[in-house]
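Have a look at the structure below, then the notes.
The values are calculated or read from the model by the stated rules, or taken from the named source; none is laboratory data. The structure presented is a predicted model; accordingly, all values stated were derived computationally and were not measured. Positions of Cβ are generated from backbone atoms using ideal geometry, with glycine treated the same way; all protein chains shown enter the neighbour counts. Each accessible area value is taken on the protein alone, full model and side chains, heavy atoms only, with ligands, DNA and RNA left out. Shrake-Rupley method; radii C 1.70, N 1.55, O 1.52, S 1.80 Å.
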Amino acid sequence: MSEQTASQEGKTYPPDAELSKSANVRPEMLEQDLQEFWDEQAKQRLDWFEEYDQVLDWNLPYAKWFVGGKLNACYNCVDRHVEGGKGDKVALHVVPDDGPDSSEARDITFSDLQREVVKMANGLKELGVGKGVPVGIYMQMIPEAVVAMLACARLGAPHTVVFGGFSGKAVAERCNDLECKVLITQDEAMRGGKAGAQKTNADEGLDAGETTVEKIVVVQRTGADIPMSDRDVYLHDLTANVSDDPESCPCEPMDSEDLLFLLYTSGSTGKPKGVVHTTAGYLLGVTTTHNLVFDVKDDSVYWCAADIGWITGHSYITYGPLANGCTSVLFEGVPGYPDKAVWWKIIEKYGVSILYTSPTAIKSHMKAGEEHLQGHDLSSIKILGSVGEPINPDVWEWYREHVGGGKAPIMDTWWQTETGHILITPLPGITTLKPGMAQQPFPGVRPEIRDDEGNQLDVEQTGNLVLTQPWPGMMRTLYKDDQRFKDTYWSKYSDAYFAGDGAKYDADGDIQLMGRIDDVVNVSGHRLSTFEVESALVEHADVAEAAVAARKDDDTGQAIIAFVSLKGDKQGTEELEQALREQVAQSIGKLARPASVIFANDLPKTRSGKIMRRLLKNLAEGEELGDTSTLVDPSVVDEMQKQMKG
Ligand code: WT7
């Protein structure tokens, strides 16, 4: 848990008077009844093929929103803007890996986007994709990734995007679980000037066992000569002779509660959870929050620097901004390439007015140094956003000062894969900002902070964050696992959603997030379960047992420490440490690679054979260990401690 003292320092930033007058969000919205608020938003923000007859059907923990309504997410994100005369407006400023000055930088208008989506959808149709036929997407930050999501939505085919940095094994696991027939990927990915394997990763994963995937559609990004089998087809071949006329592929009318996508996320056990998001509630939730939290206007230029492989990319790169008809930047690359000023060049070139990113990215810019911002005109910036992990007050201040010109308000947005959209956030022109705090519930959202017995806690007391009212973008269940859905989120308290985060109120009633309280670790805003990493470690032939904990890290928020006991008389060498780190990178993805591996004869266990996780957490954090007398063999802890110091 982070120890931030923003409220104690007492620094606050009242809203700008001009912004208060012009902001899309109105203070009255906070007073509105839950259903009245969302009903109004639904009528104003979405186009419906058939009107709904009930706003909410709430049968805890199961919610149905906009019951009886019919709509299509792709229609709302693309077609209606073209039909409404905004076809020539830029939807995506596409910035390739080598930056905004690259000859490959290009603009995609809403009309272009419509043609691309129709073409891909027509191609997918030829492979048998249609309403209810699931599709996997394993791509990096190229426009075809957004097109692929929208093409699926157009056809009513649920998608599951697997983060492009994950392993082929992760792709296979997820695609097989959802029973995807088709996987869309790219030949190679470009990041930081280097081409990396993508399609061959997928092959490796799928070929390791039985798979439901019958066809792989490959987008050519680098043109590398990669192995193609009968199972594979290049997108450009698939779509060579298909029509790009929207009438050749009308948007499938979907029920409000039809599955839009599944996104797998880490929980406190090994198996990833398939978070279910449906069409109307999700789309309305992301559209409304994107519009009101970032104060989106007709001429806004918006950049969310997340990855489409995470929920942030789904909600705030693809669905929210496009449904709002907003112009966005889509950047393929990484902060430090081709040079340390690339972000500032992007903001300057396109006149970015809204920037949404993670504390980890901001920290990397702080580390690179202010000199890289100098000489770049960032005066277009109006609103800044932060997401994924708590933001330290000093990082918040730096962001506001150097990126926000000392005046842009920062929206520190708290939400989760499961919540679908932002739930706790300051609001532009309304909230008096406090560095490092997400502060206030969005209209209709009712948080509480409770102790383990269910009592509401006083100010400055850390407890469990819960939500007592439903919201439209909430996860509907875990795919094929209602029981786990109930157990994980709705059983700690009988009347509320249990988020898994610690939080506290300050004296003004503002909320401060304190970090996860379960076995989920957060590395650079990416969520991993300790059990997932442990499973990857024990796959190595030399490993008997493994347990994973996290320590604080200045750059990545948390860093993973692996505690490992070896089989027989195997020795914990530096080579083995490297091999194990590599093993995790291979099995899950590079971001899960442990910062260090600590070897011991055994793991600290109680007499009943349970690993004492609390102790490992303390060890990882370098904290006092407290009572170790219940351990079978307290000497293993001494051994570990020695290594941690060494
Ligand atoms: C977990 C959810 C939300 C999209 C990206 C991550 C942490 C998220 C904040 C914030 C403090 C935050 C929480 C949450 N988190 N935003 N503004 N302040 N913590 O989605 O991978 O589902 O992770 O990220 O711990 O539970 P996710």
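Scan the stretch 588-600 and report the pairs whose first residue is surrounded by fewer than 20 Cβ atoms within 10 Å (Cβ to Cβ) and whose second residue is of a type outside the set (A, V, I, L, M), with Cβ atoms within less than 6 Å and a gap of 6+ or a chain change.
Leu591/His526
Residues to consider are Asp53, Asp47; find the one that is closer than 13 Å to Ala323 by Cα and not hydrophobic (A, V, I, L, M, F, W, C).
Sole residue among the options that is closer than 13 Å to Ala323 by Cα and not hydrophobic (A, V, I, L, M, F, W, C): Asp47.
For the stretch 343-357, give me each residue that is of a type in the set (A, V, I, L, M) and either open to solvent by 30 Å² or more (accessible area, probe 1.4 Å) or within 16 Å of the ligand (Cβ to nearest atom) (or both).
Selection gives Leu355 alone.
For Ala549, state whether it is open to solvent by 40 Å² or more (accessible area, probe 1.4 Å) and modelled with pLDDT under 95.
no
Would you be able to tell me the number of residues in the stretch 413-427 that are more than 9 Å from the ligand (Cβ to nearest atom) and within 15 Å of Asp295 (Cβ to Cβ)?
Looking only at that region, the number is 2.
Any residue at all in the stretch 279-289 that is open to solvent by 10 Å² or more (accessible area, probe 1.4 Å) and within 27 Å of Arg26 (Cβ to Cβ)?
no
How many residues does the stretch 520-540 contain that are within 13 Å of the ligand (Cβ to nearest atom) and either in contact with a His (Cβ under 8 Å, 6 or more places away or on another chain) or without any contact (Cβ under 8 Å) to a residue 60 or more places away in the chain (or both)?
The total comes to 1.
Any residue at all in the stretch 434-456 that's modelled with pLDDT under 95 and either within 11 Å of the ligand (Cβ to nearest atom) or among the aromatic types (Phe, Trp, Tyr) (or both)?
yes
Residue under question is Pro426, and the condition is that it be without any contact (Cβ under 8 Å) to a residue 24 or more places away in the chain, in contact with a strand residue (DSSP E or B) (Cβ under 9 Å, 6 or more places away or on another chain) and buried (at least 21 other Cβ atoms within 10 Å of the Cβ); does it hold?
The answer is yes for Pro426.
Counting just the residues of the stretch 358-412 that are of a type in the set (Lys, Arg) and within 16 Å of the ligand (Cβ to nearest atom), which one comes out surrounded by the most Cβ atoms within 10 Å (Cβ to Cβ)?
Filtering the stretch 358-412 for residues that are of a type in the set (Lys, Arg) and within 16 Å of the ligand (Cβ to nearest atom), the one surrounded by the most Cβ atoms within 10 Å (Cβ to Cβ) comes out as Lys363.
Among the residues in the stretch 212-229, are any under 30 Å from Tyr337 (Cβ atoms), outside any loop (DSSP other than H, G, I, E, B) and open to solvent by 60 Å² or more (accessible area, probe 1.4 Å)?
No, the conditions are met nowhere in the stretch 212-229.
Please state which of the following conditions Ile430 fails to meet, knowing it meets all the rest: (1) within 24 Å of Val352 (Cα to Cα); (2) outside any strand (DSSP E or B); (3) within 16 Å of the ligand (Cβ to nearest atom); (4) in contact with a helix residue (DSSP H, G or I) (Cβ under 8 Å, 6 or more places away or on another chain).
(3)
In the stretch 319-383, which helices (runs of 4 or more DSSP H) lie fully inside it and hold 3 or more residues that are at pLDDT below 95?
It comes to 359-368.
Of the residues that make up the stretch 508-519, is at least one within 14 Å of the ligand (Cβ to nearest atom), outside any strand (DSSP E or B) and within 22 Å of Asp602 (Cα to Cα)?
Yes, the conditions are met somewhere in the stretch 508-519.
Within the stretch 230-263, can you find the residues that are open to solvent by 60 Å² or more (accessible area, probe 1.4 Å) and free of Cβ contacts under 8 Å to residues at least 60 places away in the same chain?
Listed by number, the residues that qualify are Asp230, His236, Asp237, Ala240, Asn241, Glu247, Pro250.
Could you tell me which residue of the stretch 242-265 is farthest from His159 (Cα to Cα), considering only residues that are within 16 Å of the ligand (Cβ to nearest atom) and touching a His at 6+ places or on another chain (Cβ under 9 Å)?
Leu263
Given the conditions (1) touching a strand residue (DSSP E or B) at 6+ places or on another chain (Cβ under 8 Å); (2) in a helix (DSSP H, G or I); (3) away from the ligand (no atom under 16 Å from the Cβ); (4) of a type in the set (S, T, N, Q), report the number of the one that Gln461 does not fulfil.
(2)
Determine which single condition Asp452 fails, assuming it passes every other condition in (1) of a type outside the set (Gly, Ala, Ser); (2) in contact (Cβ under 8 Å) with a residue 12 or more places away in the chain; (3) not in a loop (DSSP other than H, G, I, E, B).
(3)
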